[in-house]
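Quick note: the coordinates plus some simple rules give every number you see, no bench work behind them. Every value quoted in this text rests on a predicted model; they were computed, and no experiment measured them. Note that we place each Cβ from the backbone using ideal geometry, even for glycine, and neighbour counts take in every protein chain shown.
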Amino acid sequence: MRGFFAGVLIVVGLLLVPFANQGVWVERELLSTSAFTSLSTEVLDQDAVRDALANRLADALEQQVPQVSLGRFILVPALRQAFGTEQFANIFERAVSDMHAQLERGDDQLTLDLDAVLPLVRELVANVDEGIAEKIPDGVLPEFTVVTKENVPQLWIGVEATRDASWLFPVLALIFLAGGVAVARRRAVALLVVGLGVATIAVIMVLGLRLGRDPLSEVAGPTFEVAAFKAGYDTVTESLVVQTMVLGLGGLIVALIGLGFMLVGRDSSKSAPAEWA
């Protein structure tokens, strides 16, 4: 029964590891407004994302003011130029902060309000064609949908699961895994199993993050938006991949410690308690 109970504790602890890993990442990257804003800025720094956003802004402006469609060849480069200015950085930061509030409220979609960028765009367009610049009014851009709960439910699930108890899954995982090792008759073997289990789970999670990008990109939209989605996905998940790899490395270290105890126990019963062997 002791071995069975130890096995149950270890299995439950390993099942909690993915949730613990995701919970720590969500707490670091999504629940903090400053971290969320920084991550969003990193996404916008990607060329594919800037191209997609410039085209979407141009499309929206043309729908509201068809007269500017003749100047699209000027408008899109002006938008991309605007993205690199300090004025736009301030506008984008405010818009992203509002988007983070939407995420915290649990809204079904996250939207960006970039209407404040139009005066800046008008100024840049005027450097090339004042006639087109005069046709660009204020207050006509709709809010842009960045992501919806229907397309990426994992984002909302992760935030909901960790909003009030981000510490719960990591603590429970540690308690169950440590309890399983403590209860086990052969603790060195238990350490080896725990370490290899954590490392294996980490590898599976990294593969899942990498392989999951293309299926998710199929719901992103037109061709140029697929490229933007992939660039944004890689940027957003990069820190999660690194964190997961560190978790896997920690698992390998634990496994090596367990293997070391096993070897020491075999060489000399005096080097460690008998039950560690």
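At 4 °C and a viscosity of 1.567 mPa s, what translational diffusion coefficient does Stokes-Einstein give for region 41-152, taking Rh as the Kirkwood radius over Cα pairs? Give it in µm²/s as a whole number.
This corresponds to a translational diffusion coefficient of 89 µm²/s.
Between the DSSP loop rule and a limit of at most 15 other Cβ atoms within 10 Å, which GluC sites (Glu not before Pro) in region 109-177 are left?
150
Can you find, among 184, 201, 171, the residue sitting farthest towards the positive end of the charge dipole of region 127-212, where Lys and Arg contribute +1 and Asp and Glu -1 at Cβ?
184
Restricting things to alpha carbons, find the Rg to Rh ratio for the chain using the Kirkwood radius for Rh.
Result for the chain is an Rg/Rh of 1.17.
Once the Cβ-Cβ distance between residue 105 and residue 130 is put in as r, and R0 is 41 Å, what FRET efficiency do you end up with, to the nearest 0.05?
Rounded to the nearest 0.05, the efficiency is 0.45.
If packing is taken as the average count of other Cβ atoms within 10 Å, what order do 228-237, 247-256 fall into, highest mean first?
In decreasing order of mean packing, 228-237, 247-256 become 228-237, 247-256.
Membrane-span-like helices in the chain: DSSP H runs reaching 30 Å or more (Cα, own axis), mean Kyte hydropathy at least 1.0?
2-29, 187-211, 223-267
For residue 151 and residue 245 in one chain, what is 0.36 nm times their gap in residues minus the Cα-Cα distance, to one decimal in nm?
That pair, residue 151 and residue 245, stretches by 31.2 nm at full extension.
Rank-order 175-182, 16-23 by packing density, defined as the average count of other C-beta atoms within 10 Å over each peptide's residues, highest first.
Most protected by this proxy first, the peptides run 16-23, 175-182.
With a bin width of 10 angstrom, please list the P(r) values of region 1-48 as percents of all Cα-Cα pairs, from the 0 bin to the one holding the largest distance.
Calculated P(r), rounded to whole percents: 23, 26, 22, 15, 10, 3.
Calculate for the chain the 222 nm mean residue ellipticity that helices alone would give, adding -39,500 (n - 2.57) per DSSP H run of length 4 or more and normalising by residue count, nearest 500 deg cm²/dmol.
Value at 222 nm, helices only, nearest 500: -25000 deg cm²/dmol.
Hey, got the dipole for the chain? About the Cα centre, +1 on K and R Cβ, -1 on D and E Cβ, debye to the nearest 20?
Dipole size: approximately 2020 debye.
How are the Cα pair distances of region 1-106 distributed, in percent, across 5 Å bins from 0?
It works out to 2, 10, 14, 14, 13, 11, 8, 7, 5, 5, 4, 3, 2, 1, 1, 0, in whole percents.
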